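Remarks on the structure that follows.
Read-outs: derived from the displayed coordinates by stated rules, not from any lab. Being a predicted model, the structure only gives us computed values, none of them experimental. Cβ coordinates were reconstructed from backbone atoms using ideal geometry, including for glycine residues, and neighbour counts include every protein chain displayed.
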Amino acid sequence: MITLTTRLLLSLVLALLLIPTAHAADEVTLEVSAGDSAYENVVVEAALPAALANENHFELTQIDTGKSVSVQVDRHSGEPKLVWIMRGKLDANTVRRYHLTAAGKPSQPKQVSVTKDGKHLLVKVGDKPVFRYNHATVPSRDAKHPYYARSGYIHPLYNPSGQIVTDDFNPDHAHQHGIMLAWRKMTFDGRETNGWDQQAELGKVEHAQLEAFGGGPVFGYFKARLRHVDMTAPDGPTPVLDETWAVRVYAFDDAFKFDITSTQTCASAQPVSINKIHYGGMTIRGHADWHEHGNFDYLTSEGKSKADGNQTRPRWADLFGPLAGQTTGTLIMDHKDNFRFPQPVRLHPTMPYFCFTPASLESFTIEPGTPYISRYRFYVHDGELSAPTADRLWHQYSQSPKVQVAKSGL
């Protein structure tokens, strides 16, 4: 005969047996593998495990140290992804393991902020400004030439010391704006147009819509729609290309690191030809002082400079020069999956600007229904940047460490 006391004991035992199962059901073990290459302070991405797909907040713990690691979910770039920064060094052919559990509320403070002031998005890491994205039109500084007005670009860009490193509306080339993407020579519906040479008034590039933005403990982000417009169409200005910028800024404050993914699609049933020419594409215009004094230079993955780097095909290029007594620069990395990788670069020998320009090789066509996707990572640094460091940064961008679910309690 089972007594009341026995029943209570059995219930207690059953409850104790269920406790580990409930805990395991909330926990996933993630394993990061270096493979044949070492990694250092690298951004890690992993598909959100299906077992935790309905959760919004997480705790990530490095198993060997027991330390909590900031983690964030990206739900604005296709399938949801976990994103964190693996601090320190992971040697080649080694692994690092983490426990991932659901959290009831945000457990880490926001490190990257993205705020809107009505005309711009202002991005900061901690208290340090990183850049401003101009979604409202910035008027031309020359009232006689209003066609230089522009929206849908980044300026100013700052270095970690707080100095502005880009330029806008420089009198020698007022159509160059901070960080921008424009094609110099296009054909649409039998007409030549372009969004680069604003003075010609054949076309323009403009911001269309801000789709999303926000900050977090690991990255801040925004997603913006832009339009490439033909200004010569018989029925008035006509969209040629629709473009989306998906931008992610990471929680590094010793050097700023951010990604721009551009997706261009035909705005109509007509294809768009990007015609052969030696410049146009993802572009940066450097500080005005560098143009005035000519004291800037480039370093590329092929060891080239402004003397011999123009129209070469590097994996990365660094534009640098002195500001306030120290060297500073911006490294731009060409992703290995980009069209015509490694893309040719226009390294201007007397003006501090360069662009990745795939049309330098041959014309190409963006067809309806087939998006043209390009990816670039920017690294803004104080001090000189060595070639080995730039090589490591490019490798970590183009081939991030592999992540797999080693164990799941579900």
Inset, instruction - Using a/c under 1.5 as the rounded threshold, could you call the stretch 340-410 rounded, prolate or oblate? The axes a ≥ b ≥ c are square roots of the C-alpha gyration tensor eigenvalues, and prolate needs a/b larger than b/c, oblate otherwise. - result: oblate
Inset, instruction - Per residue, how big is the convex hull around the C-alpha atoms of the stretch 193-273? Give it to me in cubic angstrom, could you? - result: 114
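I need to check one value: relative contact order of the chain, counting alpha carbon pairs closer than 8 Å and at least 6 residues apart, in percent. Working shown, then result.
Details: 1037 pairs, mean separation 66.4, N = 410.
After rounding, I find 16 percent.
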Inset, instruction - Show which aspartates and glutamates lie in cross-link reach of K105 when reach means a straight Cα distance below 19 angstrom and same-chain residues fewer than eight apart are skipped. - result: D26, E27, E55, E59, D74
Legend entry - Spatially proximal lysines relative to K185 (Cα-Cα < 20 Å; intrachain offsets below 8 disregarded): K204, K276
Legend entry - Residue-count net charge about A251 - beta-carbon cut-off 14 Å; Lys, Arg +1, Asp, Glu -1: +1
Legend entry - Cut-off 12 Å between beta-carbons: net charge of the residues surrounding F296, Lys and Arg +1, Asp and Glu -1: -3
Inset, instruction - Determine the equivalent ellipsoid of the chain by diagonalising the alpha-carbon gyration tensor, then write out the semi-axes as square roots of 5 times the eigenvalues, largest first, rounded to whole Å. - result: 45, 24, 20
Inset, instruction - Sequence neighbours fewer than 8 away in the same chain don't count; with that in mind, list the aspartates and glutamates whose C-alpha is under 12 Å from K110. - result: D127
Inset, instruction - Two decimals is fine: what's Rg over Rh for the stretch 103-159, C-alpha atoms, Kirkwood radius as Rh? - result: 1.19
Inset, instruction - State, as an integer percentage, the relative contact order of the stretch 91-212 based on alpha-carbon contacts under 8 Å between residues 6 or more apart. - result: 15
Inset, instruction - Report the residue, chosen from A143, A92, A174, that carries the largest GNM mean-square fluctuation when the chain is represented by alpha-carbon nodes joined by springs under 10 Å. - result: A143
Legend entry - GluC sites (Glu not before Pro) within the stretch 280-370, DSSP loop, no more than 12 other Cβ atoms inside 10 Å: E362
Inset, instruction - Pairs of Cα atoms under 8 Å, at least six residues apart: use those to get the relative contact order of the stretch 208-289, whole percent. - result: 21
